[in-house]
């Protein structure tokens, strides 16, 4: 599985300054962090994966979290140096780091660029101070704008995230906010509808009736408005929540959605590898930071779990149908050992939910992406 195949590395930094009330990511607030211990844990985990994934070539690295812009730049550099010692890097490998736009972190952008980061993903989330406060963010809109300008000057590539369909948000208000965001000249914007994730403070308030989201009709209007405005600005939808100019897509995320191979180090990180027999292997690392760190340092990381053909096929279907480019039914059949049901495909095409962009490709339509869960249940 070596050669020219794409291979990614995900690095999870599990710490934040504060926990956002809508977030269900594996993130934690901790007063004291022993950087040297974490360095040793990450290096050990890289070497663990190098034994299980020899001969690969790294095409992308993604530092996610948590808030990886809280990592010391020296630690980022050491992780990348060790990764390069274990695997060759592609000539134009994409190396992304997620950052929050607080003033203190933005001032460290140059250090991250020197460490090897060539793409920054900035968590702007909103350009309205009241909305940022409601979302539990630690920055203001002005700080976000300043951080964005610094990111554009410092990194070859940069993108930012927005959250919409927030409580009380109207289409007119979102249109004005998105128009302001588009004037910033980004080549890539991720726009996520706010969802109520179980076991988050927002979900609890939602269940208690203390938090109301836009109704389904308004949510669809917001999604359609987002897609239309992005397209008018030259940013085409390439995945349900991601928009980019041609060539500016996040290559690491495309690796996930195309069901490629990647190693994942850090608490709760996922990994997908293909063994010498062609079978797919999965890993979800220990989530608790202290437990993961101890396991990494003592060689006690969990082993990869073989995926059944049915599991691998369904994972591919779930990921690939998120993309505008769609999926390859022939690859699904090769992974799962059985073809997709042609009768269901024909029915979903007739309903306007699926289309065939090419004879060997199947993709969700604009209408279909709104009901992707339904499509998956019909094809499963």
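Every number in this text was worked out from the coordinates using simple rules, so none of it is lab data. In this text the structure is predicted, and so the values were computed from the model without any measurement. In this analysis, Cβ positions are derived from the backbone assuming ideal geometry, glycine residues included, and neighbour counts consider all displayed protein chains.
Some notes on this structure:
- Listed from fewest to most Cβ neighbours within 10 Å, the set 62, 15, 332 follows the order 15, 332, 62.
- Using C-alpha pairs under 8 Å with a sequence gap of at least 6, the mean separation divided by the residue count of the chain gives a relative contact order of 16 percent.
- The orientation-averaged projected area of the convex hull spanned by the Cα atoms of the stretch 308-380 comes to 4.1 nm².
- The separation of the stretch 266-298 from the stretch 53-110, counted between C-alpha centres, amounts to 18 Å.
- Length, then width, then depth: along the principal axes, the Cα atoms of the stretch 221-367 run 54, 38, 26 Å.
- What the Cα convex hull of the stretch 154-257 gives, in volume per residue, is 128 Å³.
- Antiparallel bridge percentage (DSSP; both residues within the chain; nearest 5): 35
- For the chain, pairs of C-alpha atoms spaced more than 32 angstrom apart make up 36 percent of the total.
- Over the chain: helical MRE at 222 nm, DSSP H runs n ≥ 4 each giving -39500 (n - 2.57), nearest 500: -12000 deg cm²/dmol
- Whole-Å distance, taken between Cα centres, linking the stretch 122-195 and the stretch 319-347: 35
- Contour excess over end-to-end distance, with Cα ends at residue 282 and residue 232 and 0.36 nm allotted per residue: 14.0 nm
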